[in-house]
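**Student:** One structure coming up, written as structure tokens, with questions to follow.
The values are calculated or read from the model by the stated rules, or taken from the named source; none is laboratory data. Only a predicted model underlies this, so the values are computations on that prediction, with no experimental measurement involved. Cβ placement follows ideal geometry from the backbone for every residue including glycine, while neighbour counts extend to all protein chains displayed. The accessibility values were calculated without ligands, DNA or RNA, using every heavy atom of the protein model including side chains. Shrake-Rupley method; radii C 1.70, N 1.55, O 1.52, S 1.80 Å.
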Amino acid sequence: QVQLVESGGGLVQPGGSLRLSCVASGRTFSNYAMAWFRRAPGQEREFVGSISWDGGSTYYGDSVKGRFTISRENAKNTVYLQMNSLKPEDTAVYSCAAKLGLPQTVVVLYNYWGQGTQVTVST
């Protein structure tokens, strides 16, 4: 089992920045590809970004490319999501997820999920 705990969410004004963190425990963190997904009220879960076990490969959803950056520190069992130039449409619950093997963009391929952290972009 892998346990994931997110933090760093909150209320931010449009154009602002936030950095989310996700700390993993339970298994060897560096064996897992990691990802961030988000779900806005009334919408399906949306892929935000994913990263390979060594950080060498990253992928992003079209709506966040150029604004968000995913990274990881295996020594700290932590994956990050740096979010810049935030927009009201970025408002959602952000969850991190883990899977063995290559990073993917599809929700159902991830085995382990955190509880999520709320991000609200508003004036």
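**Student:** With a 1.4 Å probe and all protein chains left in place, how much of the accessible area of the chain comes from carbon and sulfur atoms, in whole percent?
**Tutor:** 48
**Student:** For the range 57-123, what is the charge dipole size about the Cα centre, in debye to the nearest 20, if Lys and Arg each add +1 at the Cβ and Asp and Glu each add -1 at the Cβ?
**Tutor:** Value, rounded to 20: 140 debye.
**Student:** Something else: Three principal axis extents, largest first, for the C-alpha atoms of the range 57-98, in Å?
**Tutor:** On the principal axes, the range 57-98 reaches 33, 21, 16 Å in Cα extent.
**Student:** Given the whole protein assembly as supplied and a 1.4 Å probe, what does the accessible area of ASP54 come to in Å², nearest 10?
**Tutor:** Roughly 90 Å² of ASP54 is accessible to a 1.4 Å probe.
**Student:** Name all residues of the range 1-29 having a backbone nitrogen under 19 Å from the label point set 7 Å from the Cα of VAL106 along its Cα→Cβ direction, giving them as ranges.
**Tutor:** none
**Student:** Any chance you could list the semi-axes, whole Å, largest first, of the equivalent ellipsoid that the Cα gyration tensor gives for the range 6-123, using √(5λ)?
**Tutor:** Each semi-axis is √(5λ); the values are 23, 14, 13 Å.
**Student:** So, one more: Farthest toward the dipole's positive end in the chain, which of LEU18, THR120, VAL64, given Cβ charges of +1 (Lys, Arg) and -1 (Asp, Glu) about the Cα centre?
**Tutor:** Farthest towards the positive pole: LEU18.
**Student:** Heavy-atom accessible area per residue, the range 4-54, 1.4 Å probe: how many Å²?
**Tutor:** 50
**Student:** Sticking with this structure for a sec: If contacts are Cα pairs under 8 angstrom and at least 6 residues apart, what is the relative contact order of the range 1-114 in percent?
**Tutor:** 34
**Student:** If you build the Cα gyration tensor of the range 24-74 and take the root of 5 times each eigenvalue, what three semi-axes come out, in whole angstrom, biggest first?
**Tutor:** Calculated on Cα positions only, the semi-axes equal 22, 15, 7 Å.
**Student:** Want the number for GLN3 to SER63: 0.36 nm per residue separation, take away the alpha-carbon distance, what's left?
**Tutor:** Between GLN3 and SER63, full extension yields 18.8 nm more.
**Student:** Would you kindly derive the ³J(HN,Hα) couplings of the range 39-55 from the backbone phi angles with the Karplus curve 6.51 cos²θ - 1.76 cosθ + 1.60 (θ = phi - 60°), listing them in order in whole Hz, with x for Gly and Pro?
**Tutor:** For the range 39-55, the Karplus-derived couplings read 9, 8, x, x, 10, 6, 5, 10, 5, 10, x, 9, 8, 6, 4, 9, x Hz, x marking Gly and Pro.
**Student:** Now, a different point. Assigning unit charges at the beta carbon (Lys, Arg +1; Asp, Glu -1) and nothing else, what dipole magnitude in debye, to the nearest 20, does the chain show about its Cα centre?
**Tutor:** Dipole size: approximately 120 debye.
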